[in-house]
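Everything on this sheet refers to the single structure shown next.
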Amino acid sequence: MDEYGNTGEGRAARRDEAVRAAVEQGLLGPDHPIVGLLDVTGIRESAAELRAAFAEVTAPGTPVLHAFAVKATPLVPVLRLLREEGIGAEVASPGELALARAAGLPPERTVLDSPAKTAAELREALALGIAVNADNPQELDRIDGLMLPHNPKGMGGTPMAVSRSPLGIRVNPQVGGGSIGATSTATETSKFGVALRDEGAREWVVRAYLDRPWLSRLHAHTGSQGIPLSLMIRGVEETYALAEEINRRIGRPQIDTIDIGGGLPVNFASEVTAPTYTEYARALKAAVPGLFDGRYGLVTEFGRSLLAKHGTIVARVEYAKSAGGRPVAVTHAGVQVATRTVYVPGSWPLRIAAYDGKGRPKSGPEVVQDVAGPACFAGDLLAEGRALPLLDQGDYAAALDTGAYYFAHHYAYNSLARPGIYGFVPDHRAGGVRFATVRDPQTLASIVAESGGAHAGALTTLHAPGSR
């Protein structure tokens, strides 16, 4: 247990009460067979732990921005809640920036990271004063064209001689990958940032700062799930060493802020929060003490670790059957909400909790069974060969630790609708649970509209010349 009591016992109790209340209040049932639930109390606790963990290790007065990686849970009410808890936003697309702005995130608490920023995106960010980390030399050329008074690069629009935006370069320290290749961003051939160990690359980065006094930040991000703390710390060490080298070469502290990215992995095997922000911050302080002595401002970009433990997808068991002697619970949660788990279960396994038809935790002997989704392909399984109390028709299966990415990446297989999402808090005065709508369930009309319904006859009007 850490200072915030993150054994998960309180979180599990709140979740059980929320599932029961969702059934009782009609949010979950035959007509609403799948919902997402977000534990507002848990989100607030995680945000508080993050702030406290880094406040403990940084010198008094150090500017620190914790920017939530919007891609993890791109929901406006979540971003507004995090803003209230002192957390900013890290965005990687025009859509994510629009969500952050809709949530009221101010430009000075927003960071733009993306490997494919367009000229229009850069122009908007610079006009607003949003921090930008350039991913590569060509992007830095574009920024040059927007920053210089005479716009020598021929960029469209009006150049800006001065921008309030803090600007930096993203580097790839090339320290290696973790157990999941797709989430390892500091490998030798990663698509992100300037690869520091490539021939001439480090000197190019140094020269870029020497030639541009308005570059004041340095950014790196080593990876996320599957990355051990030791590798994350190595990435930060390499970035800090480069910042020191650049400032030494320039002869003044031009780099005043280091963005260490996010990527703290999540324990999906149990309720325990591990590793914690406190453990990571203390380990960083021990390995890179100069980062915390007050000479550098600090930016972090955590996503999964802030939200994962505080979300649950609950789905009704529509049918209980058997195949080859193994029970199969056919539910309404599958590839559309748990795409990574279904396609790469070895890297993204989820815990499953069983609830009865009234939303109460189900007891009884554990039986090895499959928990299947609704999509029309054989591999649509939330869990295969899992030991659980036997799920019957009308029961509920809950996919745990799904607060990050599982609500974000709806996969419209079979045109399955996006589920409604509801935040909850215990309501002790009323002896129950209070819910708030985060996202309405998707309607069939919306599915038709997204699928070209307004242009139903468009293709029938097209004919090759001479074909009729």
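Given GLY42, GLY26, which one is among the small types (Gly, Ala, Ser) and in contact with a strand residue (DSSP E or B) (Cβ under 8 Å, 6 or more places away or on another chain)?
Values: GLY42 fails: in contact with a strand residue (DSSP E or B) (Cβ under 8 Å, 6 or more places away or on another chain).
Just one listed residue meets the conditions, GLY26.
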Only one of these is among the charged types (D, E, K, R), on the phi < 0 side of the Ramachandran plot, surrounded by fewer than 17 Cβ atoms within 10 Å (Cβ to Cβ) and not assigned by TED's automatic domain parsing to the domain that holds LYS358: ARG44, ARG83. Name it. ARG44
Where residues in the stretch 393-439 are of a type in the set (Asp, Glu) and over 23 Å from the mean Cα position of the chain (by Cα), which of them is nearest to HIS32 (Cα to Cα)? ASP395
Hand me the list of strands (runs of 3 or more DSSP E) wholly inside the stretch 342-419 holding 3 or more residues that are among the polar types (S, T, N, Q) and assigned by TED's automatic domain parsing to the domain that holds LEU75. none
Exclusive hit being surrounded by fewer than 23 Cβ atoms within 10 Å (Cβ to Cβ) and either among the aliphatic types (A, V, I, L, M) or within 20 Å of the chain's Cα centre (by Cα) (or both), set VAL314, VAL266, VAL299, VAL337: VAL266
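So which residues in the stretch 302-335 are touching a helix residue (DSSP H, G or I) at 6+ places or on another chain (Cβ under 7 Å) and over 14 Å from ALA378 (Cα atoms)?
Looking only at the stretch 302-335, we keep the residues that are touching a helix residue (DSSP H, G or I) at 6+ places or on another chain (Cβ under 7 Å), and these are 302-304, 306-307, 309-310, 312, 314, 334-335.
If the condition is that a residue be touching a helix residue (DSSP H, G or I) at 6+ places or on another chain (Cβ under 7 Å) and over 14 Å from ALA378 (Cα atoms), then PHE302, GLY303, ARG304, LEU306, LEU307, LYS309, HIS310, THR312, VAL314 are the ones that fit.
Scan the stretch 204-252 residue by residue and report those that are in a helix (DSSP H, G or I) and without any contact (Cβ under 8 Å) to a residue 24 or more places away in the chain.
Applying the first criterion (in a helix (DSSP H, G or I)) to the stretch 204-252 yields 204-211, 229-250.
Once the filter is applied, which keeps residues that are in a helix (DSSP H, G or I) and without any contact (Cβ under 8 Å) to a residue 24 or more places away in the chain, the stretch 204-252 yields ARG207, ASP211, SER230, ALA241, ASN247, ARG248.
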With respect to LEU105, determine if the residue is buried (at least 18 other Cβ atoms within 10 Å of the Cβ), in a helix (DSSP H, G or I) and either at pLDDT 95 or above or in the same structural domain as SER216 (by TED's automatic domain parsing) (or both). no
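Is it true that SER451 is surrounded by 11 or more Cβ atoms within 10 Å (Cβ to Cβ) and outside the structural domain of ALA375 (by TED's automatic domain parsing)?
Yes, satisfied.
The values are calculated or read from the model by the stated rules, or taken from the named source; none is laboratory data. This is a predicted model, so every value here is computed, not measured. We place every Cβ from the backbone using ideal geometry, glycine too, and count neighbours over all the protein chains shown.
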